[in-house]
């Protein structure tokens, strides 16, 4: 969480800011294309229709959480599976809670009817671009929204070619596609490394997940492991 | 095989549940900051979550899938450490898994 170290102008909106934000997001777009295509491919494998996959990208706009959801996805979708999907997606996206909190100093003085719709499009990438702009003294909220909308449009549009490609692949395991989601997550873990002490929750989470996975069917082990790791994290004190 | 443009009621319910969970988080951090202070412990728990979640997903998956998955994920981690590029890392993981399976192990 960053509080501004120097005074900022009050937040405002501008049409030009939307375009400026979209330009700032441009370097992230090729990565989004590949990522969304990977989601589309997995969605096709899981038996979603093209409209369902695209609607999920448009409405959830969830990056890695949508990939995780495809691992939990089961047919038929019972109410228990739907609850598990919401929990897994929520857990993967929980990092956005801190990101959202860090938007308070910038957006706090805007009326709620402007802030809460804008936060619908909050992502790590859009936040990263917007906070850089903010750190340089900017206050135009349209830059944040422009960057976020560029990411959203790219995410939704790129789901479609991935889906159509996925329908052509007969055996996803053979070409290693089942490794996309776990590899994305392993790659996420590397920049999070802050030394062995901070990795204690990871070990707790992995061990609890392994035990729960061997005892219960379905995907509850993800929730159990994540919660156990979180609790462990709360009790690992800051290094002196 | 259902037509491409179909949408099932249960799938729609799942999408809405996923979207609601995500929006609660997207809006929730901002809301909380205005209403309750974050304690140091809450912050530490939230900071531990991404890594814990990844471990909880990946460890059982790798154990279940076998040595090909473990080697592929190790390759992804190695490339990520060396390049700090997620997409190179994922490509390496997929390529190594496909390579091992193509050679028939």
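Out of A:187, A:153, A:183, one residue alone is modelled with pLDDT of 95 or more and either facing chain B (nearest Cβ under 7 Å) or over 15 Å from the mean Cα position of the chain (by Cα) (or both). It is A:153.
Within 12 Å of another protein chain (Cβ to nearest Cβ) and either at pLDDT 90 or above or within 16 Å of residue A:61 (Cα to Cα) (or both): is that true of residue A:118 in this structure? Yes: the conditions hold for residue A:118.
Condition check ((1) in a helix (DSSP H, G or I); (2) free of Cβ contacts under 8 Å to residues at least 24 places away in the same chain; (3) farther than 29 Å from residue B:79 by Cβ) across all residues:
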| residue | (1), (2), (3) |
| --- | --- |
| A:115 | yes, yes, yes |
| A:131 | yes, no, no |
| A:144 | yes, no, yes |
| A:163 | yes, no, no |
| A:166 | yes, no, no |
| A:182 | yes, yes, no |
| A:190 | yes, yes, no |
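Out of curiosity, is residue A:98 assigned to a helix (DSSP H, G or I), more than 13 Å from residue B:19 (Cα to Cα), in contact (Cβ under 8 Å) with a residue 40 or more places away in the chain and within 8 Å of chain B (Cβ to nearest Cβ)? So residue A:98 passes the test. Does residue B:9 count as over 22 Å from residue A:222 (Cα atoms), facing another protein chain (nearest Cβ under 7 Å) and at pLDDT 85 or above? Spelling it out, it is not the case that residue B:9 is over 22 Å from residue A:222 (Cα atoms), facing another protein chain (nearest Cβ under 7 Å) and at pLDDT 85 or above. Determine whether the stretch A:135-146 contains at least one residue that is more than 12 Å from chain B (Cβ to nearest Cβ) and closer than 30 Å to residue B:93 by Cβ. Taking every residue of the stretch A:135-146 in turn, none turns out to be more than 12 Å from chain B (Cβ to nearest Cβ) and closer than 30 Å to residue B:93 by Cβ.
Would a scan of the stretch B:43-56 turn up a residue that is surrounded by fewer than 15 Cβ atoms within 10 Å (Cβ to Cβ), more than 7 Å from chain A (Cβ to nearest Cβ) and assigned to a helix (DSSP H, G or I)? Scanning the stretch B:43-56, I find no residue that is surrounded by fewer than 15 Cβ atoms within 10 Å (Cβ to Cβ), more than 7 Å from chain A (Cβ to nearest Cβ) and assigned to a helix (DSSP H, G or I), so the answer is no. Within the set A:208, A:204, A:145, A:186, the sole residue that is crowded, with 21+ Cβ neighbours inside 10 Å and under 19 Å from residue A:28 (Cα atoms) turns out to be A:145.
Sort out which residues of the stretch B:21-37 are at the interface with another protein chain (Cβ under 7 Å from one of its Cβ atoms) and either exposed (fewer than 15 other Cβ atoms within 10 Å of the Cβ) or more than 17 Å from the chain's Cα centre (by Cα) (or both), and write them in order of number. Hits for the stretch B:21-37 are B:23, B:26, B:27, B:28, B:29, B:30, B:32, B:33, B:34.
Could we say that residue B:89 is at the interface with another protein chain (Cβ under 7 Å from one of its Cβ atoms), within 18 Å of residue A:175 (Cα to Cα) and free of Cβ contacts under 8 Å to residues at least 40 places away in the same chain here? In short, yes. Here are some residues: A:130, A:118, A:135. Which one is in contact with a helix residue (DSSP H, G or I) (Cβ under 8 Å, 6 or more places away or on another chain), over 27 Å from residue A:43 (Cα atoms) and surrounded by fewer than 24 Cβ atoms within 10 Å (Cβ to Cβ)? That would be A:118, the only listed residue that is in contact with a helix residue (DSSP H, G or I) (Cβ under 8 Å, 6 or more places away or on another chain), over 27 Å from residue A:43 (Cα atoms) and surrounded by fewer than 24 Cβ atoms within 10 Å (Cβ to Cβ).
Within the stretch B:90-105, being modelled with pLDDT of 90 or more and crowded, with 23+ Cβ neighbours inside 10 Å holds for B:92, B:93, B:96, B:97. Taking the criterion of being without any contact (Cβ under 8 Å) to a residue 60 or more places away in the chain, more than 7 Å from chain B (Cβ to nearest Cβ) and part of a helix (DSSP H, G or I), the residues of the stretch A:209-226 that qualify are A:211, A:212, A:214, A:215, A:224. Every test in (1) closer than 13 Å to residue B:58 by Cα; (2) more than 7 Å from chain B (Cβ to nearest Cβ); (3) touching a helix residue (DSSP H, G or I) at 6+ places or on another chain (Cβ under 7 Å) is passed by residue A:178 save one, and that test is (3). Filtered by the rule that a residue be modelled with pLDDT under 90 and more than 7 Å from chain A (Cβ to nearest Cβ), the stretch B:63-83 gives B:64, B:65, B:66.
The values are calculated or read from the model by the stated rules, or taken from the named source; none is laboratory data. Just so it is clear, the model here is predicted, and its values are computed rather than measured. Using ideal geometry, Cβ is built from the backbone for each residue, glycine included, and neighbour counts are taken over all protein chains shown.
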